[in-house]
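Enquirer: Take this structure, written in structure tokens, and hold onto it; I'll ask about it next.
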Amino acid sequence: MMSMEERYLKLEETIRSYNPGANFAQIRAAYEFAAAAHEGQKRKDGSPFVSHPLAVAQIVAEELHLDSESIMAALLHDTIEDTTATHEEVAGMFSPTVADLVEGVSKLTRVQFTSKAQEQMENLRKMLMAMSKDIRVILVKISDRLHNMRTMEYQTPAKQKQKSFETMEIYAPIAHRLGMQRMKWELEDLSLKYLDPVGYEEIIHGLEAKSIEYEAFMQHIDEQIMERVQAAGIKDAVVYGRLKHPYSIYRKMYAQQKTLNEVFDLIAFRVIVDSVADCYNVLGIVHDLYKPILGRFKDYIGTPKPNMYQSLHTTVMGQSGIPFEVQIRTREMHEIAEYGIAAHWKYKQNGRGAGDESNYEWVRRLLENQEGADAEDFIHSLKVDMFADEVFVFTPMGDVINLPAGATPIDYAYTIHSAVGNHMVGAKVNGRIVQYDYQLRNGDVVEVLTSQSARGPSRDWIKIAKSSEARSKIRQWFKRERRDENIAAGRASFESELKRSGVTIKELTADENLPAMLKKLSYNNLDDMYAAIGYGGVTALKVVGRLREDILRIIARRQAENAPAAETAKPVQPAPKPVQPIRSKAVQGIIVEGMSNCLVKFAKCCTPVPGDEVVGFTTRGYGVSVHRTDCPNAAPERRTKETEGRWLKVSWAEDLQEGYSTVLQVTAKDRMGLIVDVSTILSSTKTRVSNLHARSTPDGFALIEIGLEVTDHKQLQTVIHRLQQISGVMRVTRPAG
Ligand code: MN
């Protein structure tokens, strides 16, 4: 066993190999500070606790070649969390940046992962990235996790499983996104060991046997390639073969339902050269030496992967019938493939020296040069300091909720459900009661206290809420839930406003005035008008103003009636206009011409949504059935003399229901993952799906029927359009008839 001092000296040596100008005095001080702070603490294996931060610093140096501040942060990463040391102390002794890095790592450590729902994982990964304001925080955290995984054997089985799950679902994908393949593989392999010990052992033993079996073969291929490469005058090439790493084999076995012996390519060779031109030369040599397998060539040099990965991949068949993969890349591409963003870090440091790393221009530029939607997603997920417009918080169940920056418990409550917001009587953040205007922070655990007897939202909430979604839900509540109160309040203020004009409500709303007046104001009835005034949609003053003419006419008529008889010889006031029919009242968002409050239902054969052209049919006893005009059942040529009179003009009202059910049919070439892609589109377009049936036809097609709920034609078109873009989808139709 190496002593702690020996381990520390080894760390210095590692740092010196890539960064001779590192601040060794400060690094030593950080080590000693950590050793003193953790004095007396032991790890599960009995070693002094400081061996852990030392090992993490070793990973940060060896695997990532990071700067002095990162090394210090790695050494100190558990001091603020687990000892009496404070942020101020660390900032004073080292630097505010180092203290911030340590604090950042501690914050990530505090995040509790409880949700196991797949759809939560992406949010959790984003949350961690958003919390790592400095990219070095996540790099140190991943190194910390790697060391914990390497020493996981000392933990209880329950903890092993939990940490391995987190590592597999959260940390390995982040490492992958940051392009750090080596760490990603190790994290995956170590997780697999605890998540499926039997499967893991099987592969390890299988691979041991294979490595003996393949040793001579690999040696031979290695020499063959090297010989031809040198003969072609390509200098400084490195060739080496290896068996693929256990988790990648495990995934293939699982996905393809194969045994280890049936997995197609277990062996990969790497050829590393100086220039891109040499990469293509080597590819030519390899394809000349061995038979390429069709469809297995990939040019990631021409089209890099979103995580910056560049390489040529090809799979070929050796003389003995053993297939193997060859990856060809330049030294720089290799370093980026192995160390990812950290490699760029290093180049940046060597180029311009440390100083402005906190400015991520270089990351941004690098990523923005990449093309394709995938790259865009990646940029979004990497926008460490570009996440400024979002905040991620936890529900008490451990689900992550994504809110706009500055969001309050009110926004949170209405995001969960309108009913939660409307019954909210208080909120807790991290177990403590907070004010409604508390600004939520990344990683907060938020709990809404509700009561059935809650009085409902207050009008102030509209000002406090940050999201327009919450605000509109609160307004809706005032509009709907308190209709009676609104009507009473509206009537009172209308009455008092009207008083000044010298006309009474009774006069104004007399039968001969009312219909014309409501028509002018576009209300269906008086209650609607009062309610609108009551919830503040319009002021009483404005309504009275718009009724000026009517008021004057009433006053004029009253004066005429009261005037002496002689006056009656004068031509009488123009008779009130003939009563106009009241605009038909909308039912479920449908106005049936000439009818109010009739039963309306939407035809099952064509499931119309707002925006579709529609026509109504009077059924016997079931009200009016609404069809799309392009529905075969509503086609004019199908109408008979007897039914002709039952077809009615209908139109969409302005006041619509929240959602309308309809159906889509998707015809596609059947393939793996089709349904996943379809459901991804449905969830990314926030479409409410009521059912989804898929079946494959014997000739290789998939027919998918989706029952969904949309607000209107426009939203439906968006969903159709997005579905059409899925690879293999041939047709998306709305069934009718
Ligand atoms: Mn740690």
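Quick note: the coordinates plus some simple rules give every number you see, no bench work behind them. Being a predicted model, the structure only gives us computed values, none of them experimental. In this analysis, Cβ positions are derived from the backbone assuming ideal geometry, glycine residues included, and neighbour counts consider all displayed protein chains.
Enquirer: What three numbers, in Å, describe the spread of the alpha carbons of segment 4-178 along their principal axes, ordered from the longest?
Expert: Principal-axis extents of segment 4-178 (Cα, largest first): 47, 34, 32 Å.
Enquirer: Report the full-extension gain for the segment residue 476 to residue 216: residue separation times 0.36 nm, less the Cα-Cα distance, to one decimal in nm. If you can, show how the numbers build up before the last one.
Expert: On the way: separation 260, 0.36 × 260 = 93.60 nm, distance 7.51 nm.
Between residue 476 and residue 216, full extension yields 86.1 nm more.
Enquirer: Starting at the first residue of segment 140-153, write each ³J(HN,Hα) from the Karplus equation 6.51 cos²θ - 1.76 cosθ + 1.60 with θ = phi - 60°, in whole Hz, x for Gly and Pro.
Expert: For segment 140-153, the Karplus-derived couplings read 5, 5, 5, 5, 4, 5, 4, 5, 4, 5, 5, 10, 5, 4 Hz, x marking Gly and Pro.
Enquirer: Under a 5 Å amide H to amide H cut-off, with H placed in plane at 1.01 Å, what residues pair with residue 611 once short-range neighbours are removed?
Expert: Here 713 satisfy the definition.
Enquirer: Give the lysines reachable from residue 161 as a straight Cα distance under 16 Å; neighbours fewer than 8 places away on the same chain don't count.
Expert: 116, 193
Enquirer: Going 7 Å from the Cα of residue 47 in the Cα-to-Cβ direction, what parts of segment 120-163 have a backbone nitrogen less than 18 Å from that spot?
Expert: The answer is 143-156, whose backbone nitrogens lie closer than 18 Å to the label point.
Enquirer: Between the helical axis of 373-382 and the dominant principal axis of the chain, each derived from Cα atoms, what acute angle in degrees is found, rounded to the nearest 10?
Expert: So the helix axis and the longest Cα principal axis differ by about 80 degrees.
Enquirer: Helix 157-166 versus the longest principal axis of the chain: what angle, 0 to 90°, nearest 10, using Cα atoms?
Expert: The angle comes out at about 70 degrees.
Enquirer: Using 7 Å Cα-to-Cβ label points, what is the residue 561/residue 685 separation (nm, one decimal)?
Expert: 6.0
Enquirer: State the antiparallel share, in %, of DSSP beta bridges confined to the chain, rounding to the nearest 5. Each step should come with its number before you reach the end.
Expert: On the way: 64 of 75 bridges.
Antiparallel bridges: around 85 percent, rounded to the nearest 5.
Enquirer: Would you work out the relative contact order for segment 136-201, in percent, from Cα pairs under 8 angstrom that are 6 or more residues apart?
Expert: Relative contact order, segment 136-201: 34 percent.
Enquirer: So if R0 is 41 Å, what FRET efficiency would residue 275 and residue 4 give, r being the distance between their Cβ atoms, rounded to the nearest 0.05?
Expert: Using R0 = 41 Å, I get an efficiency of 0.35.
Enquirer: Determine which lysines satisfy two conditions relative to residue 466: a Cα distance under 24 Å, and not lying fewer than 8 residues away in the same chain.
Expert: Here the lysines satisfying the reach criterion relative to residue 466 are 126, 133, 383, 428, 479, 686.
Enquirer: Let me ask another. How long is the gain from residue 633 to residue 671 if the chain were fully straight, where each residue apart is worth 0.36 nm and the alpha carbon distance is subtracted? Kindly include the intermediate steps, with their values, before the conclusion.
Expert: Values: separation 38, 0.36 × 38 = 13.68 nm, distance 3.48 nm.
Full-extension gain reported as 10.2 nm.
Enquirer: Given H placed 1.01 Å from N in the peptide plane, which residues other than close sequence neighbours of residue 443 have an amide H under 5 Å from its amide H?
Expert: 392, 393, 394
Enquirer: Let me ask another. Work out from phi, with θ = phi - 60° and the Karplus expression 6.51 cos²θ - 1.76 cosθ + 1.60, the ³J(HN,Hα) of each residue of segment 697-702, listed in order in whole Hz, and give x for Gly and Pro.
Expert: 8, x, 8, x, 10, 10
Enquirer: Continuing with the same structure: Expressed as a whole number of Å, what is the distance separating the alpha-carbon centroids of segment 445-483 and segment 7-49?
Expert: 53
Enquirer: Taking the Cα-to-Cβ direction at residue 153 and at residue 506 and moving 7 Å from each Cα, how far apart do the two end points lie in nm?
Expert: In this crude label model, residue 153 to residue 506 measures out at 9.7 nm.
Enquirer: If R0 is 25 Å, what FRET efficiency do you get for residue 226 and residue 17 from their C-beta distance, rounded to 0.05? Present the calculation step by step, with values, prior to reporting the outcome.
Expert: Working: r = 27 Å, r/R0 = 1.09.
Efficiency, from the Cβ-Cβ distance: 0.40.
Enquirer: Continuing with the same structure: Mind listing the phi-derived Karplus ³J(HN,Hα) values for segment 474-483, rounded to whole Hz, using 6.51, -1.76 and 1.60 with θ = phi - 60°, and x for any glycine or proline?
Expert: Using θ = phi - 60°, the values come out as 5, 4, 4, 4, 4, 6, 8, 5, 10, 4 Hz.
Enquirer: Work out how far the C-alpha atoms of segment 584-650 reach from end to end along every principal axis, then list the three figures in whole Å, largest first.
Expert: For segment 584-650, the Cα spread along each principal axis is 30, 24, 17 Å.
Enquirer: Then there's this: In terms of Cα to Cα distance under 18 Å, which aspartates and glutamates are near enough to residue 463, apart from those fewer than 8 places away along the same chain?
Expert: 411, 437
Enquirer: Let me ask something else. Mind pulling up the Rg/Rh value for segment 637-737? Radius of gyration and Kirkwood radius, both on Cα.
Expert: On the way: Rg = 16.8 Å, Rh = 15.4 Å.
The Rg/Rh ratio comes out at 1.09.
Enquirer: How far is the Cα center of segment 150-177 from the Cα center of segment 235-283, in Å?
Expert: Their Cα centres are 26 Å away from one another.
Enquirer: Cα axis of helix 246-256 to longest principal axis of the chain: angle in degrees, 0 to 90, nearest 10?
Expert: 50
Enquirer: Could you pull out every residue, at least 5 positions away or on a different chain, whose amide H is within less than 5 Å of the one on residue 587? Hs are placed 1.01 Å off N in the peptide plane, and Pro or chain starts have none.
Expert: Counting only residues 5 or more places away or on other chains, the set is 592.
Enquirer: Residue separation times 0.36 nm, minus the C-alpha to C-alpha distance between residue 649 and residue 425: what's the value? Each step should come with its number before you reach the end.
Expert: Values: separation 224, 0.36 × 224 = 80.64 nm, distance 4.74 nm.
Difference between extended and current length: 75.9 nm.
Enquirer: Which FRET efficiency value, to the nearest 0.05, is calculated for residue 28 and residue 205 with the Förster distance at 60 angstrom and r the Cβ-Cβ distance? Display every interim value, and only then the final one.
Expert: Numbers: r = 44 Å, r/R0 = 0.74.
Efficiency, rounded to the nearest 0.05: 0.85.
Enquirer: Next question. Modelling each spin label as a point 7 Å along the Cα-to-Cβ direction, I'd like the residue 242/residue 122 distance in nm, to one decimal.
Expert: A separation of 3.1 nm, rounded to one decimal place.
Enquirer: What is the log10 of I(q)/I(0) for segment 388-481, computed with the Debye formula using one identical point scatterer on each Cα and no solvent, at q = 0.14, 0.23 Å⁻¹?
Expert: Evaluating at q = 0.14, 0.23 Å⁻¹ gives log10 I(q)/I(0) of -0.43, -1.17.
Enquirer: Now for a different question. At a threshold of 8 angstrom on Cα-Cα distance, excluding pairs fewer than six apart, so keeping six or more, what relative contact order does the chain reach in percent?
Expert: Relative contact order for the chain comes out at 7 percent.
Enquirer: How big is the chain by the Kirkwood estimate over distinct Cα pairs, in Å?
Expert: Values: mean 1/r = 0.0310 Å⁻¹.
After inverting the mean inverse Cα-Cα distance, the result is 32.3 Å.
Enquirer: Here's another thing I want to ask about it. Remind me, relative contact order of segment 578-737 in percent, using alpha carbon pairs under 8 angstrom and six or more residues apart?
Expert: Details: 301 pairs, mean separation 39.5, N = 160.
Once divided by the residue count of segment 578-737, the mean separation gives 25 percent.
Enquirer: Looking at this model, which pairs from 601/714; 519/714; 141/210; 42/159; 252/305; 184/252 are more than 25 angstrom apart at the alpha-carbon? Each step should come with its number before you reach the end.
Expert: Details: 601/714 21 Å; 519/714 29 Å; 141/210 35 Å; 42/159 18 Å; 252/305 20 Å; 184/252 17 Å.
The pairs that break the limit, which is 25 Å between Cα atoms, are 519/714; 141/210.
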